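Data block below; observations after.
The values are calculated or read from the model by the stated rules, or taken from the named source; none is laboratory data. Because the structure is predicted, anything quoted here is derived from the model rather than measured. Note that we place each Cβ from the backbone using ideal geometry, even for glycine, and neighbour counts take in every protein chain shown.
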Amino acid sequence: MAKVTPGGRLQQNKLLRSMCRARSRGVPLQYIIGDQPFGDLQILCRRNVLIPRAETESFTVHASKLILKRLDEHPEVTNPQPLRILDLCSGTGAIALLLHALLANKIKQMTILGIDISSTAVTLASKNLEHNLHHGFLLDRARTEVHFRQGNVLSNHDSNFPHVDKVLHEFPGFCNQSGLGCDVLISNPPYIAPNSFWDGTTGRSVRIYEPKLALVPSLETDANMEEHIRQEDVFYHDIFQSAMRLGAKLIVFECGSYAQACRVVGICEDIAGACARREELAFHIVSSSGLEPGTHISGSGPCAIIIERSMASEA
Amino acid sequence: MLNVPWICSRCLLRSTKAAGYLRPFIPRRGLNTGVDTGLSPALLIRARSLADEHSNLSAQLAESFDAKTAKRIGELAPIANVLGEWDSANESLVELKSLLEDPATDPELRSLAIEDLESSKHSLPTLSDSLKQALVPRHPFAELPCLLEIRPGAGGDEAGLFAFELLRMYTSFCSRQGFRTSVLKLEVGDGPAEDRLSEAVIEVDASGAYGMMRTESGVHRVQRVPATESKGRTHTSAVSVMVLPSFPDSGAGGDSALNFDDPTSDYYVDPQEVRSEKMRAGGAGGQHVNKTESAIRLTHIPSGIVVSMQDSRSQHANRKKAWQILRARLAEARQEAREQELVELRRGVLGGVARMGRGDKIRTYNYGQSRCTDHRSGITIHNLDSVLDGGEGLDNVMDSVRTWLVDQEIAGMAAEEMAKRAHPQKVATR
């Protein structure tokens, strides 16, 4: 440790005391210290942006394995084109950045785009990209291959923010002659129900200090008005519609519980059925603890939904 | 009248017997100075059989190429080469001797022969030494990086203090050797002092580090007046050090024998046999709560080995490190079990080959006398600071232990060869 002058020590103590006081009020540790390890990356955390969770970390690692497995089994599918990955509701950008870190050694070319409605989040995500490049956790390629943009994931035609499709038009990777497209869509959207936000299921520290925008879906969307979809599930409805439009081959959603995962699978099956593509898709639900070897699968933790398009339908 | 004290004839007899009985069983370095005593016949037989295998395989390889055969030849080549040199040196020695014994030899030639004989006699011991080195099989983990675990043993606070000093010693030793080290786990005891270790695991990330550091496994004893002692008494405490092989990340290991992802590998750990616990699990997770507890505990059910890790704020990182340590410990345990079998076998023949495991006291650091003694090689260094700084002193000690290990291995192999001849069917299964 560097030598500290007496004055410096006094300041240090003061800072430490203020940090402890903040923690005693329940301020999340990551906001106080300023970062959170995520895989091999170091993700900066700021107020008004959701802190990345350990479960998201294991889902992302799992998703990267699925992507590599798919490429291994069918090397001819994506070879001519760079791999296109879309991360909706990207927040700190943790998923997009970790995916690049995990895949960059195996895949020569890719484009990863993170989209979030919050400008604070988009700014922080870009900062995270720079931060991890600076520390050497990411390859230099990431500078040109990972992007973050502000955009609206929901289809409620809020004119304040451009819709995902509009954002994608700017990126030549995601739009070609045949229209918009992407290979992998991954998302950890807000998924907390309004009542479980207040009834104690959600931690006090989370409720008070983390952004509600990133936790509880807002009310006014077309989907929950028309189709009687629960408020906590609306994001999945809209994102899955986008995924079908974009022709994503692998879709990974994180959701709050096994029950929610089952509901979401039902919604997705309906949408896929409406465009007569139900047969092409395979649905799996995995729990975060189930991914780790040797852990007993418990029903209460968050789950990931993995939707894969069969290879035969792509040809 | 006689100044010599009287000794009963039976005692006299016994003393000579004891001396005669003990001599072959104490392996002592520096005794092999004679030209002919350099190699035991058993060892020579082994060397010859290996050299024969080498020539056979070479003939095979000339006909058809096979990667496995080529690898084996690569392993055997040094033995065959050194044996060839040794043979030719011996031959010339015999020739020269017969030349000298022949009365018809020209005097000029005789003086030349005497000169040659001297030089040959000099080269022979080094040749037999290098033959010994070549004969000792490489440790299967020698090329791997290693993990070094330090834990205080008997001695309370003082042991914790000394454990911290050992940690410093090894980190500075590694930095001197140019090995990169990283601390995987560092736990200090409760209390005001920060330098009271309760457990530390460091990773020495350099290939060959295991081969280098494996001499350090065992109990290190310290004798000194501790800082915590008020009456000036000398205490004896112990710190245990364990050196484990560190396996490369999955997929990277090209050598299938060491690839732990391969179920057929000896060092494969079945994930089904490992119970993984988060320290505080259950309840809602994900966005609902922001857990800061990241501790992980892994239990290998068949062996009961438990690894817990909480140094990082990331659960993922903790799990990765815990798996790394668990794998290393299991591999070490399996390797040790295998060695134990071998030792049992050798012990049956030799009567008692000393083997130093992790439970044995291997070294004493005496502050009062400023000395460091290794109990295996018997070396004593009278400059404790140069040892504790991880400098030349420690290097010398470790070097002597490595030589000792080679001698042990040679003695063991000779014993094995003897056993092979005595009961061929028993050893053939190895």
**Request:** Go through region A:29-56 and give me each residue that's among the small types (Gly, Ala, Ser) and either facing chain B (nearest Cβ under 10 Å) or in a strand (DSSP E or B) (or both).
**Result:** A:GLY39, A:ALA54
**Message:** Need the failing condition index for A:ILE67 against (1) within 14 Å of chain B (Cβ to nearest Cβ); (2) crowded, with 24+ Cβ neighbours inside 10 Å; (3) within 21 Å of A:GLU308 (Cα to Cα), just the number.
**Reply:** (1)
**Prompt:** Does region B:47-74 hold any residues that are of a type in the set (D, E, K, R) and loosely packed, with under 14 Cβ neighbours inside 10 Å, and which are they?
**Reply:** B:ASP52, B:GLU63, B:ASP66, B:LYS68, B:LYS71
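How many residues are more than 9 Å from every other protein chain (Cβ to nearest Cβ) and in a loop (DSSP other than H, G, I, E, B) when one looks only at region A:183-198? Working first, answer last.
Of the residues in region A:183-198, the ones more than 9 Å from every other protein chain (Cβ to nearest Cβ) are A:183-187, A:189, A:193-195, A:198.
Okay, now just the ones that are also in a loop (DSSP other than H, G, I, E, B), so A:183, A:189, A:193.
Number satisfying all stated conditions: 3.
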**Request:** Filter region B:152-168 for residues that are touching a residue at least 40 places away in the same chain (Cβ under 8 Å) and crowded, with 19+ Cβ neighbours inside 10 Å and give the result.
**Result:** B:PRO152, B:GLY155, B:GLU158, B:ALA159, B:LEU161, B:PHE162, B:ALA163, B:LEU166
**Prompt:** Limited to region B:181-199, what total is found for residues that are at pLDDT 85 or above and either of a type in the set (S, T, N, Q) or not in a strand (DSSP E or B) (or both)?
**Reply:** 3
**Message:** What's the number of the only condition in (1) in contact (Cβ under 8 Å) with a residue 24 or more places away in the chain; (2) among the basic types (Lys, Arg); (3) closer than 21 Å to B:ALA317 by Cα that A:ARG84 fails to meet?
**Reply:** (3)
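Which residue, of A:VAL167, A:VAL206, is more than 27 Å from A:ASP40 (Cβ to Cβ) and aliphatic (A, V, I, L, M)?
Answer to the check: A:VAL167.
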**Prompt:** Which is outside the structural domain of B:SER237 (by TED's automatic domain parsing), closer than 25 Å to B:GLU416 by Cα and hydroxyl-bearing (Ser, Thr, Tyr), of B:THR105, B:THR126?
**Reply:** B:THR126
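Which residue is nearest to A:ILE307 (Cα to Cα), if the candidates are limited to region A:22-47 and must be of a type outside the set (A, V, I, L, M, F, W, C) and exposed (fewer than 15 other Cβ atoms within 10 Å of the Cβ)?
Taking region A:22-47 and keeping what is of a type outside the set (A, V, I, L, M, F, W, C), we get A:23-26, A:28, A:30-31, A:34-37, A:39-40, A:42, A:46-47.
Applying the additional criterion that residues be exposed (fewer than 15 other Cβ atoms within 10 Å of the Cβ) yields A:24-26, A:34, A:47.
Working: A:SER24: 42, A:ARG25: 41, A:GLY26: 37, A:GLY34: 34, A:ARG47: 33 Å.
My answer is A:ARG47.
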**Lone unmet requirement of (1) of a type in the set (Val, Ile, Thr); (2) surrounded by 24 or more Cβ atoms within 10 Å (Cβ to Cβ); (3) within 14 Å of chain B (Cβ to nearest Cβ); (4) in a helix (DSSP H, G or I) for A:VAL61** = (2)
**Asked** Quick check: anything in region A:81-96 in contact with a helix residue (DSSP H, G or I) (Cβ under 6 Å, 6 or more places away or on another chain), surrounded by fewer than 20 Cβ atoms within 10 Å (Cβ to Cβ) and outside any helix (DSSP H, G or I)?
**Response** no
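Are any of the residues in region B:222-231 closer than 18 Å to B:ALA142 by Cβ and either outside the structural domain of B:GLU392 (by TED's automatic domain parsing) or loosely packed, with under 14 Cβ neighbours inside 10 Å (or both)?
At the first step, the residues of region B:222-231 found to be closer than 18 Å to B:ALA142 by Cβ are none.
Within region B:222-231 (the criterion being closer than 18 Å to B:ALA142 by Cβ and either outside the structural domain of B:GLU392 (by TED's automatic domain parsing) or loosely packed, with under 14 Cβ neighbours inside 10 Å (or both)), the answer is no, since none of the residues qualifies.
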**region B:389-430, subset assigned to a loop (DSSP other than H, G, I, E, B) and of a type in the set (Gly, Ala, Ser), residue modelled with the lowest pLDDT** = B:ALA428
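How many of the residues making up region A:253-284 are within 14 Å of another protein chain (Cβ to nearest Cβ) and either in contact (Cβ under 8 Å) with a residue 12 or more places away in the chain or more than 16 Å from A:ALA193 (Cβ to Cβ) (or both)? So that I can check it myself, show each step before the final result.
The initial filter retains those residues of region A:253-284 that are within 14 Å of another protein chain (Cβ to nearest Cβ), namely A:253-261, A:264.
This time we only want the ones that are either in contact (Cβ under 8 Å) with a residue 12 or more places away in the chain or more than 16 Å from A:ALA193 (Cβ to Cβ) (or both), so: A:253-258, A:260-261, A:264.
Qualifying residue count, region A:253-284: 9.
With respect to A:SER218, determine if the residue is under 21 Å from the mean Cα position of the chain (by Cα), within 14 Å of chain B (Cβ to nearest Cβ) and among the small types (Gly, Ala, Ser). Explain how you work it out, then say what you get.
Numbers: under 21 Å from the mean Cα position of the chain (by Cα): yes; within 14 Å of chain B (Cβ to nearest Cβ): no; among the small types (Gly, Ala, Ser): yes.
So A:SER218 fails the test.
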